[in-house]
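**Q** Structure provided below as structure tokens; questions to follow.
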Amino acid sequence: MDTNITEMLQSWGEGDPDAFSRLVPMVYKDLHSMASFFFHRESESHTLQPTALVNEVYLRMFREEDLRWDNRRQFFGFASKLMRNILVDHARSRQAIKRGNGAIHIPLEDVLGLSIDTGPDLLAINEALELLGQEDQRQSEIVHMRFFVGLTVEEIAQVLETSPSTVKREWRAAKFWLHRHLAQQPAPQSPTSAS
């Protein structure tokens with residue numbers, strides 16, 4: 001299966017117009033599982049659903065030109081970042097409509113082990129990851145793979161071609177950095193406290 005997916009990805013990258021339609025059924029289940037993992041951390045009131053998120057990923061990929069992947073790991077890594085970007089864009093538009101209220105809250109205690117009284121919203125997390133990426137790109141990627149994609153330490157080590165102990169060390173450092181950064185941010189306003 002991995003070989004078939006890699007072949008389809010390479011054919012698509014080389015300009016085969018039918019490769020995308022052959023690829024979709026091969027990766028749909030995995031992409032839907034990934035999207036469901038994203039929504040596991042979202043508010044129940046979220047207006048998007050996993051299927052809609054996967055469809056938006058397909059649309060954005062189909063519109064892109066010169067996409068090339070060497071293997072399925074790169075493809076799914078790209079897809080997970082697209083999902084994150086779509087959710088961030090959606091959160092921004094909802095926040096703009098509600099004038100700063102109603103941001104999506106994600107419980108960080110489950111994955112990051114952070115204990116913050118009022119959980120930061122998706123926009124704050126995305127901003128923090130972008131800042132962390134400027135300081136340490138690999139730590140930012142580890143957080144993305146662990147928090148958004150749900151990979152284990154061992155799986156991340158395979159993707160990054162490093163040892164699990166290195167991933168654990170970088171993961172601890174990234175959690176400390178995020179905790180410090182997010183704890184310094186003002187708590188999101190509740191609808192009743194807005195003026």
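The numbers here are math on the coordinates, done by the rules we state, and not lab data. What you see is a predicted model, and the numbers here were worked out from it, not measured in a lab. Cβ coordinates were reconstructed from backbone atoms using ideal geometry, including for glycine residues, and neighbour counts include every protein chain displayed.
**Q** Can you compute 3J(HN,Hα) from phi for each residue in the range 82-89, using the Karplus curve 6.51 cos²θ - 1.76 cosθ + 1.60 with θ = phi - 60°, rounded to whole Hz and x for Gly and Pro?
**A** So the J values, rounded to whole Hz, are 4, 4, 4, 4, 4, 5, 5, 4.
**Q** Ok, one more. Compute the length gained on full extension between ARG169 and LEU67: take 0.36 nm times their separation in residues and subtract their Cα-Cα distance, giving the result in nm to one decimal. Display every interim value, and only then the final one.
**A** Working: separation 102, 0.36 × 102 = 36.72 nm, distance 3.25 nm.
Contour length minus Cα-Cα distance gives 33.5 nm.
**Q** Relative to the present Cα-Cα distance, how much length would full extension add between ASP16 and ALA183 at 0.36 nm per residue of separation?
**A** Working: separation 167, 0.36 × 167 = 60.12 nm, distance 4.86 nm.
Working it through step by step, the gained length comes to 55.3 nm.
**Q** Please list, by residue number, every one of the GluC sites (Glu not before Pro) in the range 52-88 that is coil in DSSP and has at most 15 other beta-carbon atoms within 10 Å. The partial results should precede the final answer.
**A** Details: sites: GLU56, GLU64, GLU65; in loops: GLU64, GLU65.
Listed in order of number, the matching sites are GLU64, GLU65.
**Q** Hey, rough spin-label estimate for LEU59 and TYR28, points 7 angstrom out along Cα→Cβ, what's it come to in nanometres?
**A** 1.8
**Q** Hey, rough spin-label estimate for ALA52 and PHE78, points 7 angstrom out along Cα→Cβ, what's it come to in nanometres?
**A** In this crude spin-label approximation the distance works out to 2.6 nm.
**Q** Put a dot 7 Å past each Cα toward the Cβ at PHE39 and GLN137; how far apart are the dots in nm?
**A** 3.3
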